[in-house]
Amino acid sequence: MSIIKERIRPVFPFTAIVGQEEMKLALILNMIDPKIGGVMIMGDRGTGKSTTIRAIADLLPQILIVQDDIFNSHPTDTDLMSDMVQELFKNGDTLPTSLINVPMVDLPLGATEDRVCGTIDIEKALNEGVKTFEPGLLAKANRGILYVDEVNLLDDHLVDILLDSAASGWNTVEREGISVRHPARFVLVGSGNPEEGELRPQLLDRFGMHAEIRTVKDPALRVKIVEQRSNFDQDPNACVIQYQDKQNTLKAKIAQARQLLDDVEIDVRLRMKISQVCGQLDVDGLRGDIVTNRAAKAFAAYHGRTNVLVEDVKRVIVLCLRHRLRKDPLETIDSGTRVMQVVEEVFV
């Protein structure tokens with residue numbers, strides 16, 4: 001009897017996705033600079049949100065980790081190491097390494113706090129004096145992408161934990177006086193349908209970018225999207241081969257942009273104008289200013305430049321600010337349009 005090995009189904013190629021440029025750009029910029037702070041994608045059902053998000057991980061180069069480490073610890077960067085690996089590193093021990101694909105972790109809607117953060121085995125700690133930690137999804141997502149579908153239906157307490165970890169880069173689990181801390185650097189990507197409820201404004205503000213997507217109305221484009229999906233479902237491998245060159249080109253472009261990012265500079269006059277826009281829009285806090293500066297730099301790096309242009313700022317500013325505006329129930333104008341109106345006034 002022959003044994004048939006189960007094959008891993010190929011992922012739909014990112015470059016084969018038709019339309020939804022805003023969502024694709026937001027994801028690419030977060031891959032270039034994870035410090036932008038993740039992206040929230042809100043839109044109608046069946047618009048390819050999950051497909052696009054799962055496809056982006058395929059464009060990232062493999063990462064070097066300490067072999068068999070449950071936290072995907074970096075072999076030389078102490079900020080990306082677990083405490084145990086840090087000790088070995090400081091002692092000068094040789095750390096065996098291996099290459100892995102960038103982790104892409106899905107957080108299920110019914111996940112508990114233990115499942116997300118991990119748990120400490122108290123019984124073993126008390127009886128044997130051994131600190132045993134069962135890693136959660138935050139540990140698995142370290143140095144990768146954590147995707148939360150229907151984030152607006154997730155318990156607010158869990159969303160708080162995710163956003164805190166994403167911002168600080170660390171997850172701490174404490175139980176009965178025993179504490180375990182590990183790195184949790186990941187790009188947080190959330191998606192949802194606004195009809196099923198909005199995210200609280202103070203939580204929404206913590207996402208670096210906010211992309212809105214709508215169902216495509218153009219019949220020709222709809223036919224093209226359906227054809228792409230049908231072709232992939234019929235023969236996934238052929239579809240992957242067809243787009244391999246485009247995938248490789250985009251992968252190289254993202255890798256080059258990551259290398260260039262530290263050299264990108266933004267003129268003080270542009271920074272002043274970004275802050276002027278945020279002030280006129282009455283954006284709370286300084287997060288909007290910071291994220292817009294970061295996103296504009298990432299956009300410039302993506303296009304192979306070390307200086308940020310006015311066009312770069314205009315291209316990213318709506319993504320960075322639209323979800324930070326105060327909601328007025330009587331307002332008829334779209335928040336993205338409001339941002340662009342002020343941008344056009346300021347950037348003259």
Do you know which of the residues in the stretch 190-204 that are crowded, with 19+ Cβ neighbours inside 10 Å and of a type outside the set (A, V, I, L, M) is farthest from M104 (Cα to Cα)? G192
The correct count of residues that are farther than 24 Å from P13 by Cβ, free of Cβ contacts under 8 Å to residues at least 60 places away in the same chain and part of a helix (DSSP H, G or I) in the stretch 253-268 is 4
Look through T119, T112, T76, T97 and report the one residue that is buried (at least 16 other Cβ atoms within 10 Å of the Cβ), of a type in the set (S, T, N, Q) and more than 21 Å from the chain's Cα centre (by Cα). T119
Conditions (1) on the phi > 0 side of the Ramachandran plot; (2) under 19 Å from the mean Cα position of the chain (by Cα) -> P103 fails only (1)
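Every residue, every condition in (1) surrounded by fewer than 14 Cβ atoms within 10 Å (Cβ to Cβ); (2) out of contact with any Ser or Thr (no Cβ under 8 Å at 6 or more places or on another chain); (3) among the polar types (S, T, N, Q), yes or no:
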residue	(1), (2), (3)
D235	yes, yes, no
C239	no, yes, no
D245	yes, yes, no
A252	yes, yes, no
L260	no, no, no
L270	no, yes, no
G279	yes, yes, no
What pairs come up if the first residue lies in the stretch 136-164 and is assigned by TED's automatic domain parsing to the domain that holds H182 and β-branched (V, I, T), the second is surrounded by fewer than 18 Cβ atoms within 10 Å (Cβ to Cβ) and in a helix (DSSP H, G or I), and their beta carbons are under 8 Å apart, counting only those six or more places apart or on different chains? I161/E113
Taking the stretch 313-339 as the search range and keeping residues that are aliphatic (A, V, I, L, M) and at pLDDT below 90, which one is farthest from the chain's Cα centre (by Cα)? L330
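E311 - would you say it is over 16 Å from V339 (Cβ atoms) and among the acidic types (D, E)?
Values: over 16 Å from V339 (Cβ atoms): no; among the acidic types (D, E): yes.
Judged against the criteria, E311 is not a match.
Kindly indicate whether any position in the stretch 101-123 is over 30 Å from S191 (Cβ atoms) and at pLDDT 85 or above.
Here is the first cut: in the stretch 101-123, the residues over 30 Å from S191 (Cβ atoms) are 120-123.
Among the residues that remain, those that are also at pLDDT 85 or above are: none.
Checking the stretch 101-123: not a single residue is over 30 Å from S191 (Cβ atoms) and at pLDDT 85 or above.
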Looking for something assigned by TED's automatic domain parsing to the domain that holds G192 and closer than 20 Å to K246 by Cα - is there at least one such residue anywhere in the stretch 40-47? no
For residues in the stretch 1-42 being at pLDDT below 80 and of a type in the set (G, A, S), which is nearest to G288 (Cα to Cα)? G19
If we keep just the residues of the stretch 129-154 that are touching an Asp or Glu at 6+ places or on another chain (Cβ under 9 Å) and part of a loop (DSSP other than H, G, I, E, B), which is surrounded by the fewest Cβ atoms within 10 Å (Cβ to Cβ)? V130
Within the stretch 19-71, of all residues that are basic (K, R) and more than 10 Å from the chain's Cα centre (by Cα), the one nearest to S82 (Cα to Cα) is R54
Within the stretch 124-173, how many residues turn out to be on the phi > 0 side of the Ramachandran plot and either at pLDDT below 80 or among the charged types (D, E, K, R) (or both)? 3
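The values are calculated or read from the model by the stated rules, or taken from the named source; none is laboratory data. Everything quoted here is computed from the prediction, not taken from an experiment. Cβ: placed from backbone, ideal geometry, glycine included. Neighbour counts: every protein chain shown.
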